[in-house]
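Working notes, beginning with the structure itself.
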Amino acid sequence: MWVLFDLDGTLTQSEEGIWNCAKYALEKMGYPEPDAATLRKFIGPPLIWSFTELIGMSEEKAWQAQAVYRERYNRIGLLENRVYPGIRTVLRTLRKAGFFLGVVTGKPAGPTERILEHFGIRKYFETVHCATDASADKEQLIRAALPADFGEAWMVGDRKFDMDGGLRAGIHTLGVLYGYGSEEELREAGAERIACTPREILSHLCPDTEPARGAFLSMEGLDGSGKGTQLERLADTLDRYGYEVVRTREPGGTPIGEKIREILLDRENRGMTDETEALLYAASRAQHVRERIRPAVAAGKTVLCDRFLDSSVAYQGGGRQLGIDEVLRINEPAVAGTWPDLTVYLDIGHRQALERRCAASTPDRMEMEAESFHARVEEGYHELIRRDPERFAVVNAERTREEISADIAEKVLNRLMALEEK
Ligand code: TYD
């Protein structure tokens, strides 16, 4: 059983790069900037077709325009790209269900391979068949991609060229609506099935296979470590790479957890004992793990959690001096074996964190604690990292935002891609 995927509009959302390059080529060739509707149509068909049919160029001009386009595309355009959220789970789950996968695209081989490698999805495909200047016909490409005894095969794509090519090659066709073609276009071209989202590809092709497991990531750091900004940036990067990100936080993350959060952070609750505090954080976590984290990971999603168990160990164990092992013991029934696959620790000295905090906002109950409290929290984190260095990605957070986010992205992507190999 084989599933062949078109690239642009099916696996990757390449409009940013394609549009920038089309505009660049037209400008260099002395043509006016096309309107948005015309630009949209550039995605999918062979470039020569677009330049002749959409812009009205002669065949000769179209070849020149293609050369100009490719010059920018190969330098910059090809990485102005995103993998559709959920595609990674689709590819992994299809592999799990025993399908062989391929890419069949009107793009040339060089950029196609670079895009697939850059986003770390080349490994899922048995074969990658690309257009050459001599032939960009989908039927030919599909026939070339399949072995002689392919059995059942599907062409998945977002444009009529994909459906039509699949039909002519004698295989099944599945049109996707999240790309650049309309339902009408796909139906007219003979699409047998239609998927509105990447996930729906799975409902058509392997409805009984459990999705491949997602991942659980947490981010930790002292108050003032810049966690909020970095979570935002990491979520965006993961989204660009085709992970379906579920953002959540502790305390909170569920309706019950958010109520517990209010009690915990309320400045009026000065009389709260350290034990009550530790148990409330654990209670919020118990709900969160079962209601939100485990189901999302089981569905193939990537949970990105703002603080988790390590915060309790550092703040209640270290800061409140309940002891690391005691806090771990209290939390055992709450997490019951659910630990992050990777925890990003934003490493910043407690004095510098305090300076940033004071500059930023009015402190909540936890943030109002004395400097010695935050020094013990910092030490608590360091002890955790010493105990379990494998789970942590320690990132120096005393740098610029850009440097920090690039470092986090690299470390997290490496770990996620290693997990995908399992
Ligand atoms: P949060 O709102 O994430 O604060 P920030 O955005 O400043 O990081 O967390 C609220 C506070 O709760 C924070 O000071 C850390 C504290 N906390 C604990 O003491 N124990 C815990 O288990 C958790 C999850 C948080």
Query - Flag for VAL297 being more than 10 Å from the ligand (Cβ to nearest atom), within 18 Å of VAL412 (Cα to Cα) and surrounded by 22 or more Cβ atoms within 10 Å (Cβ to Cβ) - result: no
Query raised in the report: Of the residues that make up the range 73-96, is at least one among the small types (Gly, Ala, Ser) and under 25 Å from LEU419 (Cβ atoms)?
Result: yes
Query raised in the report: Is there a residue in the range 303-326 that is assigned to a loop (DSSP other than H, G, I, E, B), at pLDDT 95 or above and more than 15 Å from the ligand (Cβ to nearest atom)?
Result: no
Query raised in the report: Which one is farthest from the chain's Cα centre (by Cα), of the residues in the range 356-380 that are away from the ligand (no atom under 14 Å from the Cβ) and not charged (D, E, K, R)?
Result: SER372
Requested in this report: Evaluate the following for ARG75: is it closer than 28 Å to ASP239 by Cα and either out of contact with any strand residue (DSSP E or B) (no Cβ under 7 Å at 6 or more places or on another chain) or buried (at least 22 other Cβ atoms within 10 Å of the Cβ) (or both)?
Outcome: yes
**Report entry** Some residue of the range 348-355 being near the ligand (Cβ under 10 Å from one of its atoms) and either crowded, with 19+ Cβ neighbours inside 10 Å or over 16 Å from LEU280 (Cβ atoms) (or both)
**Finding:** yes
Requested in this report: Report, by residue number, each residue of the range 378-402 that is surrounded by fewer than 17 Cβ atoms within 10 Å (Cβ to Cβ) and in contact (Cβ under 8 Å) with a residue 60 or more places away in the chain.
Outcome: GLU379, GLU383, ARG401
Requested in this report: Output the residue which, of all residues in the range 101-122 that are of a type in the set (Gly, Ala, Ser) and surrounded by fewer than 21 Cβ atoms within 10 Å (Cβ to Cβ), is farthest from ALA136 (Cα to Cα).
Outcome: GLY120
Requested in this report: Might you check whether a residue that is over 30 Å from ILE121 (Cβ atoms), more than 14 Å from the ligand (Cβ to nearest atom) and touching a Phe, Trp or Tyr at 6+ places or on another chain (Cβ under 8 Å) occurs anywhere in the range 381-390?
Outcome: yes
Requested in this report: Name the single residue, out of those in the range 257-288 being of a type in the set (Asp, Glu) and closer than 18 Å to GLY317 by Cα, that is nearest to the ligand (Cβ to nearest atom).
Outcome: GLU277
**Report entry** Single match in ARG72, ARG82 (criterion: of a type in the set (Lys, Arg) and either touching a Cys at 6+ places or on another chain (Cβ under 6 Å) or on the phi > 0 side of the Ramachandran plot (or both))
**Finding:** ARG72
Query raised in the report: In the list ALA397, ALA406, which residue meets the criterion of being outside the structural domain of THR93 (by TED's automatic domain parsing) and either of a type in the set (S, T, N, Q) or under 20 Å from the mean Cα position of the chain (by Cα) (or both)?
Result: ALA406
Report task. Might you let me know whether the range 294-301 holds any residue that is under 23 Å from LEU238 (Cα atoms), free of Cβ contacts under 8 Å to residues at least 24 places away in the same chain and part of a helix (DSSP H, G or I)? Result -> yes
Query raised in the report: Which one of the conditions (1) small (Gly, Ala, Ser); (2) under 26 Å from ILE385 (Cβ atoms); (3) surrounded by fewer than 14 Cβ atoms within 10 Å (Cβ to Cβ) does SER361 fail to meet, given that it meets all the rest?
Result: (2)
Query raised in the report: Out of PRO340, PRO251, which single residue is outside any helix (DSSP H, G or I), within 14 Å of the ligand (Cβ to nearest atom), closer than 30 Å to THR12 by Cβ and touching a Ser or Thr at 6+ places or on another chain (Cβ under 7 Å)?
Result: PRO340
**Report entry** Hits in the range 327-337 - residues which are under 25 Å from GLU420 (Cβ atoms) and either in a helix (DSSP H, G or I) or within 13 Å of the ligand (Cβ to nearest atom) (or both)
**Finding:** VAL335
Report task. Quickly run through the range 95-124 and pick out the residues that are of a type outside the set (Phe, Trp, Tyr) and assigned to a strand (DSSP E or B). Result -> LEU101, GLY102, VAL103, VAL104, THR105
Report summary line: Flagged in the range 208-237 as more than 16 Å from the ligand (Cβ to nearest atom), of a type in the set (Asp, Glu) and assigned to a helix (DSSP H, G or I), in numbering order, are ASP236
Report task. Confirm whether ILE201 is part of a helix (DSSP H, G or I), surrounded by 20 or more Cβ atoms within 10 Å (Cβ to Cβ) and in contact (Cβ under 8 Å) with a residue 60 or more places away in the chain. Result -> yes
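The values are calculated or read from the model by the stated rules, or taken from the named source; none is laboratory data. In this text the structure is predicted, and so the values were computed from the model without any measurement. A quick note on method: Cβ atoms are made from the backbone with ideal geometry, for glycine too, and the neighbour counts reach across all protein chains shown.
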